[in-house]
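The values are calculated or read from the model by the stated rules, or taken from the named source; none is laboratory data. Just so it is clear, the structure is predicted and the values come from calculations on it, not from any experiment. Cβ: placed from backbone, ideal geometry, glycine included. Neighbour counts: every protein chain shown.
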Amino acid sequence: MKVLVPVKRVIDYNIKPRVKADGTGVETAGVKMSMNPFDEIAVEESVRLKEKGVVTEIVAVSIGEPKAQDTLRTAMAMGADRSILVETEAVTEPLAVAKVLKALVEKEKPDLVILGKQAIDDDMNATGQMLAGLLGWPQGTFASKVELHDGKATVTREIDGGLQTVELALPAIVTADLRLNEPRYASLPNIMKARKKPMEKITPADVDVDMTPRLSIVSVAEPAGRKAGIKVDSAAELVAKLRNEAKVI
Ligand code: AMP
């Protein structure tokens, strides 16, 4: 069984993003970039399925700048067998990414595609769903548990206030949520080994996909700063402030 895992290079999740001076986006120049955290979870899940003997090959894919090859090397150091870099300087919107992935799915014929539930740079939460739509495949989004058996995937989904379990006929799309697993750190020997694993390089034009953006960003703003708190001396003072100043009781 083959798994395709799309991985996106985004600002490292430990970095506080800064809005560009002209308000057109978030500053990425000179900022540490890493694999999208939900994609690390997707890679980890594929590697665990391979370790269980259910999966035989894991192919990582990234669509983006040449530097996205670092992200693919990380995926291979975690356990992906090979990778495909779809090189483009264009903004990678979910629909264009889903079209590129559809073309790669048709070529690679995986049984399962495991994506992150969302990329933390623009929080679109759309690519997996669009890919399922384009392919006409079943989808299990926000997965916190995945089990493969008899040509089917049983996926437990994190939904508001609880869990939902669905069964999908393979081939299928799964998107990884936070509680699916805790990704491993790549060991130094595995990082060295990953350098020798194959990485194919293509462009969106090779798979006939036009990356021209369909959205334009009108503005990007930081959230309003929070006011400093104060200390009160008694419960009575707290109640008085809540009633007379904050007017919430
Ligand atoms: P999004 O819909 O942008 O929030 O992204 C959801 C998931 O789609 C991510 O977690 C990745 O698995 C995948 N994805 C989105 N953009 C890319 C990209 N440029 N390259 C590879 N995978 C991507």
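Flag: LYS52 matches the condition of being of a type in the set (Lys, Arg) and free of Cβ contacts under 8 Å to residues at least 24 places away in the same chain. Scan the range 162-169 and tell me whether some residue there is surrounded by 18 or more Cβ atoms within 10 Å (Cβ to Cβ) and more than 17 Å from GLU44 (Cα to Cα). Taking every residue of the range 162-169 in turn, at least one turns out to be surrounded by 18 or more Cβ atoms within 10 Å (Cβ to Cβ) and more than 17 Å from GLU44 (Cα to Cα). Taking the conditions exactly as written (within 20 Å of ALA153 (Cα to Cα) and basic (Lys, Arg)), does LYS8 satisfy them or not? In short, no. Do we have any residue at all in the range 213-223 that's under 25 Å from ILE114 (Cα atoms), under 22 Å from the mean Cα position of the chain (by Cα) and of a type in the set (Ser, Thr, Tyr)? No, every residue in the range 213-223 fails to be under 25 Å from ILE114 (Cα atoms), under 22 Å from the mean Cα position of the chain (by Cα) and of a type in the set (Ser, Thr, Tyr). Within the range 136-144, identify whether any single residue is assigned to a loop (DSSP other than H, G, I, E, B) and surrounded by 15 or more Cβ atoms within 10 Å (Cβ to Cβ), and answer yes or no. Yes: the range 136-144 contains one or more residues that are assigned to a loop (DSSP other than H, G, I, E, B) and surrounded by 15 or more Cβ atoms within 10 Å (Cβ to Cβ). Quick check on the range 164-179. Is at least one of its residues more than 15 Å from the ligand (Cβ to nearest atom), more than 14 Å from the chain's Cα centre (by Cα) and within 19 Å of SER83 (Cβ to Cβ)? Within the range 164-179, not a single residue is more than 15 Å from the ligand (Cβ to nearest atom), more than 14 Å from the chain's Cα centre (by Cα) and within 19 Å of SER83 (Cβ to Cβ). Pairing residues of the range 80-94 that are on the phi < 0 side of the Ramachandran plot and among the polar types (S, T, N, Q) with residues that are more than 10 Å from the ligand (Cβ to nearest atom) and in a strand (DSSP E or B), at Cβ distances under 7 Å and at least 6 apart in sequence or on separate chains, gives SER83/VAL59; SER83/MET199. Residues in the range 82-120 that are surrounded by 18 or more Cβ atoms within 10 Å (Cβ to Cβ), near the ligand (Cβ under 9 Å from one of its atoms) and more than 17 Å from PRO138 (Cα to Cα): VAL86, THR88, THR92, GLU93, PRO94, ALA96, VAL97, VAL100, GLN118, ALA119. If I filter the range 210-227 for residues that are aliphatic (A, V, I, L, M), modelled with pLDDT of 95 or more and loosely packed, with under 15 Cβ neighbours inside 10 Å, do I get at least one hit? No, the range 210-227 has no match at all.
Results for (1) within 30 Å of GLU222 (Cα to Cα); (2) more than 11 Å from the ligand (Cβ to nearest atom); (3) of a type outside the set (A, V, I, L, M, F, W, C); (4) touching a Ser or Thr at 6+ places or on another chain (Cβ under 9 Å), shown as yes or no for each residue.
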site: ALA29; (1), (2), (3), (4): yes, yes, no, no
site: VAL43; (1), (2), (3), (4): no, no, no, yes
site: LYS50; (1), (2), (3), (4): no, yes, yes, yes
site: VAL54; (1), (2), (3), (4): no, yes, no, no
site: GLY64; (1), (2), (3), (4): yes, no, yes, yes
site: MET76; (1), (2), (3), (4): no, yes, no, yes
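For beta carbons closer than 9 Å, sequence separation of 6+ or different chains, a first residue in the range 202-226 that is part of a loop (DSSP other than H, G, I, E, B) and a second that is among the polar types (S, T, N, Q), the qualifying pairs are THR203/THR88; MET211/THR88; MET211/THR92; ILE217/THR24; SER219/THR24; VAL220/THR24. Filtering GLU182, GLU158, GLU147 for residues that are exposed (fewer than 14 other Cβ atoms within 10 Å of the Cβ) and outside any helix (DSSP H, G or I) leaves a single hit, GLU182.
Consider ALA153 against the criteria (1) exposed (fewer than 13 other Cβ atoms within 10 Å of the Cβ); (2) at pLDDT 95 or above: it satisfies all of them except one. Which criterion is unmet? That leaves (1) as the condition not met.
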